[in-house]
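Here's the structure, in structure tokens; my notes come after.
All of the numbers you see were taken from the coordinates with simple rules; none came from a lab. Remember, it's a predicted structure, so these values are computed and weren't measured experimentally. Please note: Cβ atoms are built from the backbone with ideal geometry, for glycine as well, and neighbour counts cover all protein chains shown.
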Amino acid sequence: MCNLYSLTSTQSAIADLVNLWRDDTGNLPSLPAIYPDYPAPVVTHEDDGRVMRMMRWGMPSPAFALKGKKTDKGVTNVRNTKSPHWRRWLGPAHRCVVPFTSFSEYKAVKGGRPEVVWFAPTGEQKTLFFAGIWTNWTSVRKLKEGEVTADIFAFLTVEPNAVVAPIHPKAMPVILRSAEAVDHWLSAPTEEALRLQRPFPDDGLGVVDEAV
């Protein structure tokens with residue numbers, strides 16, 4: 001699953017693509033490597049319009065996965081949207097889009113360590129969006145940190161397209177490109193929005209040598 005992505009777009013470029021009403025991320029630097037539990041910009045739809053703010057990557061883990069554990073590092077990728085654990089966050093109030101410029105998957109290497117392979121958009125639009133969910137949650141994510149309350153997010157996955165499948169045959173992130181798709185994910189009734197949980201077109205992604 002995707003556990004590393006990048007965002008090197010300008011804030012203004014992201015704002016234009018999603019018709020942003022307010023940006024609460026401050027002076028956002030280039031983010032060439034975003035890992036699980038790192039803070040990253042996320043766009044939600046509030047009463048007054050679209051808002052971008054920083055959230056930590058990793059939604060609450062299901063209860064069965066936490067037995068015997070003192071911390072919850074979070075779940076970064078969500079596939080089974082029929083699970084009651086995830087369905088509570090599939091309504092419009094908890095949907096979000098996560099801007100990115102490239103993402104990675106690990107390629108298995110026989111007899112060696114897995115290799116990181118990067119994927120980036122083709123065409124003129126260099127910033128795309130993961131279809132995500134978010135919530136505000138209290139938990140212990142790291143022992144040294146103790147209990148914290150934070151806005152957290154994850155994004156949906158689906159079977160891979162023909163570009164990703166040779167590298168990672170199990171899954172790829174759900175990706176949105178058009179303003180219409182972003183609007184549909186953020187505002188449509190749940191069953192309609194989940195129709196966007198489908199592989200991204202093959203010609204929309206390409207393999208690149210490094211994060212962009």
At 0.36 nm per residue, minus the direct Cα-Cα distance, what do residue 3 and residue 147 gain on full extension? Give it in nm, one decimal, please. 49.5 nm
Residues 145, 124, sorted so that the one with the fewest Cβ neighbours within 10 Å comes first: 124, 145
Assuming a ≥ b ≥ c are the square roots of the Cα gyration tensor eigenvalues, decide whether segment 45-142 counts as rounded (a/c under 1.5), prolate (otherwise, with a/b larger than b/c) or oblate. oblate
Rank these for me by crowding, 82, 73, going from fewest to most other beta carbons within 10 Å. 82, 73
Positive-pole candidate from 11, 40, 71, dipole of the chain, charges at beta carbon: 71
May I ask which of 67/144; 67/107; 67/170; 73/170; 73/107 have a Cα-Cα span longer than 28 Å here? 67/107
Taking every DSSP beta bridge with both residues inside segment 1-89, roughly what % is antiparallel (nearest 5)? 80 percent
Per DSSP helix of 4 or more residues, -39500 (n - 2.57); summed, then divided by the residues of the chain. What does that give at 222 nm, rounded to the nearest 500? -2500 deg cm²/dmol
In angstroms, what radius of gyration and Dmax does segment 89-212 have, counting Cα atoms only? 16.3, 47
Contour minus Cα-Cα span, residue 66 to residue 184, at 0.36 nm per residue, comes to 39.1 nm
Can you tell me the length gained on complete extension of the stretch residue 106 to residue 197, counting 0.36 nm per residue apart and subtracting the Cα distance? 30.6 nm
Dipole in debye (nearest 20) - segment 52-192, about Cα centre, beta carbon charges: Lys, Arg +1; Asp, Glu -1: 760 debye
The Cα radius of gyration of segment 5-208, divided by 2.2 N^0.38 Å with N its residue count, comes to 1.00
One finds, for residue 124 and residue 11 with R0 = 22 angstrom and r their Cβ-Cβ distance, a FRET efficiency to the nearest 0.05 of 0.70
